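So the structure is just underneath, and the comments pick up after that.
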Amino acid sequence: MPLLIDGHNLIGKLPGLSLADPDDEARLVALLRAYVARTGRQVVVVFDPGDAATPSLWGENRHREGKLEVIFAPAGRKADDVLRERIAHARDKQGLILITSDSAVAHFARQCGLQHVRSAEWFADELRRAFATTQPPKPETLSKHEVEAWLTLFPEPPTPPPPPPKPDPQLLKRQRRLEQLRRQVANQQPLRRAQE
């Protein structure tokens, strides 16, 4: 069943996307492009018109990429108006799924005979499920006999002895001082013998 999506309504329900982001439409379109590639579903997403000073993402109001169609409402109109037109002129109202949390658009769709109206929250969960990775297979465990056989072929290396404990710095200092004193005493003894 093709999906008809209220774009800005959905952006507000997706984690990681924000209507305050100037690239929110592009990020949603990238997500929907990946969704279409994964599921093969036909998707039409409709956005409110952009700022008059900012050209639309593709320089035009409509853009199609395979099964994904992106529509920006023309200036002076809203996405809700485009959604209502698409619903009213849909040939197969039984096969169309509307994604919106806008109660007025959802009510209009039901009055037109659309049976499948889903909230933006529902579709946010659908996206999460579509992109959920499958659990990796659990590694096979070896039996005790197999482990013993591998250990005979590849024995574990012997554990090295623990390193000697580090000497006490005070003790090292005393030992160095004693050695200095011994050298001084040894150097003075030949001097005394020469004087005698």
All conditions in (1) farther than 19 Å from R129 by Cβ; (2) touching a strand residue (DSSP E or B) at 6+ places or on another chain (Cβ under 9 Å); (3) of a type in the set (S, T, N, Q) are true of S103 except (2)
Check L10, L14 and return the single one that is out of contact with any Phe, Trp or Tyr (no Cβ under 8 Å at 6 or more places or on another chain) and either surrounded by fewer than 15 Cβ atoms within 10 Å (Cβ to Cβ) or not charged (D, E, K, R) (or both).
-> L14
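Taking K166, is it in a loop (DSSP other than H, G, I, E, B) and of a type in the set (D, E, K, R)?
Working: in a loop (DSSP other than H, G, I, E, B): yes; of a type in the set (D, E, K, R): yes.
Here the answer is yes, as K166 does meet what is asked.
Rule-based calculations on the coordinates, nothing more; no lab input. Treat the numbers as computed from the prediction; the structure is a model and nothing was measured. Cβ sites come from the backbone with ideal geometry, for glycine too, and all protein chains shown count toward neighbours.
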